[in-house]
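The values are calculated or read from the model by the stated rules, or taken from the named source; none is laboratory data. Note that the structure is predicted; figures quoted are calculated from it, not measured. Positions of Cβ are backbone-derived with ideal geometry, glycine not excepted, and every protein chain shown enters the neighbour counts. Ligands, DNA and RNA are stripped out before the accessible areas are found, and what is left, the full protein with its side chains, is counted by its heavy atoms. Shrake-Rupley method; radii C 1.70, N 1.55, O 1.52, S 1.80 Å.
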Amino acid sequence: MNTLTSDRLAELVDGLAGLPYGGEPVDQRTHALQAAHLAMAAGADDELVVAAALHDIGRARPVRADHPGLPHELAGAEWARRHLGERTAWVIAQHVPAKRYLVATDPAYRALLSPASIASLKVQGGPMDEEEAAAFAAHPMAEDAVALRRWDDAAKDPEGPVLELAELLAAYERCVAAS
């Protein structure tokens with residue numbers, strides 16, 4: 001694993017400022033830090049808080065440049081695998097399949113999706129079929145991916161609270177120290 005410095009992580013997150021978020025009312029930076037805030041408020045461990053903040057890092061210019069042509073969740077997962085570890089990479093890779101899973105298994109979930117998220121669901125393959133949903137649910141980290149997906153869906157409020165960058169960096173540093 002290639003350890004990422006806190007300064008570089010801060011640059012990446014700050015580089016998301018002003019980047020549109022697919023028709024949502026927040027930019028990529030606000031979305032990232034809002035998802036991380038929701039994860040922390042839910043009592044997630046530091047690694048999952050960092051994953052929540054970085055679940056869309058595949059949209060960051062430097063990450064896109066390193067992984068041209070990959071969907072954002074896979075580009076982000078490849079980046080995370082190099083810098084953060086396998087759990088973070090898997091959860092990032094699975095935040096899109098988790099949406100497909102929830103649409104297939106939770107009757108109330110679809111109503112929570114924004115219009116932009118409903119539109120992207122079609123491109124992402126629509127709801128999982130029964131076999132796909134069973135395979136997804138059987139993975140030992142499926143609950144983490146579902147939790148991240150729910151924070152992702154809720155992190156679109158321009159007036160909502162965000163995790164301060166310093167708090168994110170502290171969570172990241174604790175992850176590095178623990179590994």
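For beta carbons closer than 9 Å, sequence separation of 6+ or different chains, a first residue in region 63-84 that is of a type in the set (Phe, Trp, Tyr) and a second that is open to solvent by less than 80 Å² (accessible area, probe 1.4 Å) and part of a loop (DSSP other than H, G, I, E, B), the qualifying pairs are 79/60; 79/67.
Of the residues in region 131-140, none is surrounded by fewer than 20 Cβ atoms within 10 Å (Cβ to Cβ), within 21 Å of residue 13 (Cβ to Cβ) and aliphatic (A, V, I, L, M). Restricting region 83-115 to residues that are among the hydroxyl-bearing types (Ser, Thr, Tyr), open to solvent by 10 Å² or more (accessible area, probe 1.4 Å) and outside any loop (DSSP other than H, G, I, E, B), the residue that is nearest to residue 149 (Cα to Cα) is 101. Would you mind stating whether residue 13 is aliphatic (A, V, I, L, M), modelled with pLDDT of 95 or more, within 12 Å of residue 148 (Cα to Cα) and not in a loop (DSSP other than H, G, I, E, B)? No. Just to be sure, is residue 72 closer than 30 Å to residue 3 by Cβ, open to solvent by 10 Å² or more (accessible area, probe 1.4 Å) and in contact with a Lys or Arg (Cβ under 6 Å, 6 or more places away or on another chain)? Answer is yes for this residue. Only one of 76, 85 is at pLDDT below 95, closer than 21 Å to residue 60 by Cα and of a type in the set (Gly, Ala, Ser). Can you tell me which? Checking each option against the conditions leaves just 85. Cβ-Cβ contacts under 7 Å between residues 6 or more apart (or on different chains), taken from a first residue in region 1-26 that is among the polar types (S, T, N, Q) to a second residue that is open to solvent by less than 20 Å² (accessible area, probe 1.4 Å), are listed as 6/172. Of note, residue 126 satisfies the criterion of being more than 12 Å from the chain's Cα centre (by Cα) and at positive phi.
Within region 134-157, residues that are under 15 Å from residue 37 (Cα atoms) reach partners that are open to solvent by less than 40 Å² (accessible area, probe 1.4 Å) and of a type in the set (Phe, Trp, Tyr) with beta carbons closer than 8 Å, at six or more positions or on different chains, in the pairs 156/21. Look at (1) without any contact (Cβ under 8 Å) to a residue 40 or more places away in the chain; (2) among the small types (Gly, Ala, Ser); (3) in contact with a Leu (Cβ under 8 Å, 6 or more places away or on another chain) and you find that residue 89 fails only one, number (3).
The residue that is modelled with the lowest pLDDT, among those in region 41-60 that are in a helix (DSSP H, G or I) and either over 19 Å from residue 89 (Cα atoms) or open to solvent by 60 Å² or more (accessible area, probe 1.4 Å) (or both), is 59. With respect to residue 10, is the statement that it is under 16 Å from the mean Cα position of the chain (by Cα) and at negative phi true? Spelling it out, it is not the case that residue 10 is under 16 Å from the mean Cα position of the chain (by Cα) and at negative phi.
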